[in-house]
Amino acid sequence: MTTKLILTHEVSGLGAAGDVVDVKDGYARNFLMPRGLATPWTKGGQRQLDQIRSARGKRAIANVEDAKALKAALESKPVVIAERAGQNGRLFGAVSSKEIAEGVKAVFDKDIDRRTVEFPTPIKALGEHKATVRLHEEIFANLFVQVVAAKGAVKA
């Protein structure tokens, strides 16, 4: 049996917010709906779907040319993030996608949605790391993140 759902958030491998998907009942009941990632499809839900699509359209990069230009800019130099770290170079915590989005804003003066930033593994050590930023449906930028030790900064 399958269930028809409207995604309210992006689900990797399934779709973006506002997409209508058919998934197995257990996946819908046990994963998507409890986490607030989807709502059941109804006629009233169709109105919500239209609102999500219009909001995503305003936030999204307008066209492929802009996305390619931003990709070239993001891949040109690393984003430097200062974090508190211990003696052996391990961080107290991990670098978040929000911090990377703020770093992109500081370095490149470009706004990116923190939800489009993905890491292969959590960034928990000093040094060079790689993150992927989804700029458009088929355009991904490989972003290099340079994590350095913060000088006496105490995170609250």
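How many nm is it between the label spots at Asp50 and Val80, if each spot is 7 Å from the Cα in line with the beta carbon?
5.0 nm
Just to be sure I understand: if I project the alpha-carbon convex hull of the range 64-149 onto a plane and average over all orientations, what area do I get in nm²?
Mean projected area for the range 64-149: 5.2 nm², to one decimal.
What is the distance in Å between the Cα centres of the range 107-130 and the range 1-48?
Each part reduced to its Cα centre gives a spacing of 27 Å.
Once every DSSP H run of n ≥ 4 in the chain is given -39500 (n - 2.57) and the sum is divided by its residues, what mean residue ellipticity at 222 nm do you get, rounded to the nearest 500 deg cm²/dmol?
Per the formula, -8000 deg cm²/dmol.
How much length is gained if the chain between Ile139 and Glu65 is pulled fully straight, taking 0.36 nm per residue apart and subtracting their Cα-Cα distance, in nm to one decimal?
That works out to 25.6 nm of additional length.
³J(HN,Hα) across the range 88-100 via Karplus (A = 6.51, B = -1.76, C = 1.60, θ = phi - 60°), whole Hz, x for Gly/Pro?
Taking θ as phi minus 60°, the curve returns 8, x, 7, 7, 8, x, 9, 6, 9, 5, 5, 5, 5 Hz for the range 88-100.
Please state the relative contact order of the chain as a whole percent: Cα pairs under 8 Å, 6+ residues apart?
For the chain, the relative contact order is 20 percent.
What's the extension gain from Lys151 to Ala73 if we count 0.36 nm per residue and subtract their Cα-Cα distance?
25.3 nm
Give the share of C-alpha pairs in each 5 angstrom bin for the chain, from 0 to the last occupied bin, in whole percents, shortest bins first.
Binned Cα distances yield the sequence 2, 8, 16, 16, 14, 13, 12, 10, 6, 2, 1, 0.
Go ahead and run the numbers for FRET between Ala16 and Arg90, Cβ-Cβ distance against an R0 of 41 Å, rounding to 0.05.
Efficiency, rounded to the nearest 0.05: 0.75.
Order the peptides 21-29, 41-49 from the highest to the lowest mean number of other Cβ atoms within 10 Å of their residues.
21-29, 41-49
Relative contact order for the range 1-44: what is it in percent, counting Cα pairs under 8 Å that are at least 6 residues apart?
45 percent
FYI, it's all coordinate maths here, none of it is from the lab. Owing to the predicted nature of the structure, the values given are computational and were not obtained by experimental measurement. Using ideal geometry, Cβ is built from the backbone for each residue, glycine included, and neighbour counts are taken over all protein chains shown.
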